[in-house]
1. Here are Leu201, Leu252: which of them is among the hydrophobic types (A, V, I, L, M, F, W, C), surrounded by fewer than 19 Cβ atoms within 10 Å (Cβ to Cβ) and either outside any helix (DSSP H, G or I) or more than 21 Å from the chain's Cα centre (by Cα) (or both)?
2. Identify, please: which residue in the stretch 138-196 is of a type in the set (Ser, Thr, Tyr) and assigned to a strand (DSSP E or B) and is, among those, farthest from Gly71 (Cα to Cα)?
3. Where residues in the stretch 204-229 are touching a residue at least 24 places away in the same chain (Cβ under 8 Å) and in a loop (DSSP other than H, G, I, E, B), which of them is surrounded by the fewest Cβ atoms within 10 Å (Cβ to Cβ)?
4. Only residues that are more than 27 Å from Glu266 (Cβ to Cβ), without any contact (Cβ under 8 Å) to a residue 60 or more places away in the chain and not basic (Lys, Arg): list them for the stretch 113-137, please.
5. With the condition kept exactly as written, say whether any residue in the stretch 175-196 is charged (D, E, K, R) and on the phi > 0 side of the Ramachandran plot.
6. Looking at the structure I just gave you, is Met117 surrounded by fewer than 20 Cβ atoms within 10 Å (Cβ to Cβ) and among the aliphatic types (A, V, I, L, M)?
7. So which residues in the stretch 1-31 are in contact with a Phe, Trp or Tyr (Cβ under 7 Å, 6 or more places away or on another chain) and surrounded by fewer than 24 Cβ atoms within 10 Å (Cβ to Cβ), if there are any at all?
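What follows draws every value from the coordinates through simple rules; no lab data is involved. This one's a predicted model, so the numbers in the text were calculated from it and none came from an experiment. Counting neighbours? That spans all protein chains shown, and the Cβs are built from the backbone with ideal geometry, glycine included.
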Amino acid sequence: MTGHTIVFWSPVSGTGTTSNLAATASVMGLEYSAHMLLLGHCESHDIALKQCFYQTHASREMDMDVSVNMGVDALLRLLQNRKLQPNMIRDYTLPLLKDRLDLLPGSSKPDDRFIDMATPWMESLLSMAKRMYDLVFVDGGSGNSSEWTNGLLRLADVLVVCLPQNRLAVHRFFRMDELQAMLTTKKHVLVFGKYDRYSSLTHKNLLRPYGRRLQTCSVSYNTRWLDDGQNGQAISYMYRNRQVPREHENYLFMRDVRALALALIEQTGLHYAFFGGKETPI
C-alpha cells in the first residue's frame, strides 16, 4: 500500500502556507503514528520550511553540512541514474521526530534551475517517496503560473488550499476555472490561515455566495506560534501546548491545527491512534 502526497498551496502569497504545513506536520508527528516526510524541494520553500524547525544559526551550520550528497538533489541524481530505491530515501533526510517525521532538504540550486531539471522527474520522485512514507507533505508555495506548480497540484492526492480572510481573494480563487474543475475530482481542504475570529468575514460568510458544501478549516492567528515558528521551535511549541486548558491563549490555535490534522487523516483514510495509550482508531 502506498502513501499519500499532501500539497499545501495558496493562490496568493502571505496566507501562511508554510506555517500551516509546519504546524500540521508537527502536531501529527507528536500525536499520530503515521510516518511522514516534509519536502520543501525548491530553495526558497526549503529555507522557509527549515526555519520552522531549526534556529537560524543552526540552520546555517546545517546548510554547510548538507552537501550535494544530501536532500532532493541527491535523490534526483539517483533517480536519473535509475539507482533510487524507496528504502534509500531516509538516508538523505534529516530526522525531526524519530520514526515519525523526516525533513528532506531542498535543492541548493536556484529555483528556476532546479525546476527545469526536476520537472520531468517530479512524478517519479513523489511516487517513490509514497512507497516509503504514509504521508508526504509538500510546500507548494503560491500562484499557479509555472509548469512545476501546476504539476504539483495535479499530482496531489490531497490538496490543502490556503486562503486569506479576504473577500476579493476568495472571489478570484473561485474564478480560477481550471483549478475549480480539478477540485471537483480531487480530495481537498480549504484552510483560512492567520484567522481572525472577531472579523465579520468568517469563512462561512466568505464562502456563502458560492453555494457549495466545502471541507473548510480555519487556523487562528496566534502570536506565540508565529514567533516560535520563525525561530525553529515548531515542534517544541506543539509539545508544550498539547494539554493547555480551554482558557489558555494558545488553546484555539491548538484546537484548529488538530482539526486540520484530523481532516487530512480522514481524507487519506489513514486512522492512526493517538499517543497516550489509546489503541482504538480516532
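1. Among Leu201, Leu252, only Leu201 is among the hydrophobic types (A, V, I, L, M, F, W, C), surrounded by fewer than 19 Cβ atoms within 10 Å (Cβ to Cβ) and either outside any helix (DSSP H, G or I) or more than 21 Å from the chain's Cα centre (by Cα) (or both).
2. The residue in question is Tyr195.
3. Leu214
4. Once the filter is applied, which keeps residues that are more than 27 Å from Glu266 (Cβ to Cβ), without any contact (Cβ under 8 Å) to a residue 60 or more places away in the chain and not basic (Lys, Arg), the stretch 113-137 yields Asp116, Met117, Thr119, Pro120, Trp121, Ser124.
5. The answer is yes, given that some residue of the stretch 175-196 is charged (D, E, K, R) and on the phi > 0 side of the Ramachandran plot.
6. It is true that Met117 is surrounded by fewer than 20 Cβ atoms within 10 Å (Cβ to Cβ) and among the aliphatic types (A, V, I, L, M).
7. Selection gives Gly3, Pro11, Leu30, Glu31.
Listed here are the residues, each with its yes/no results for (1) acidic (Asp, Glu); (2) farther than 22 Å from Leu153 by Cβ.
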residue	(1), (2)
Arg77	no, yes
Thr93	no, yes
Met122	no, no
Asp134	yes, no
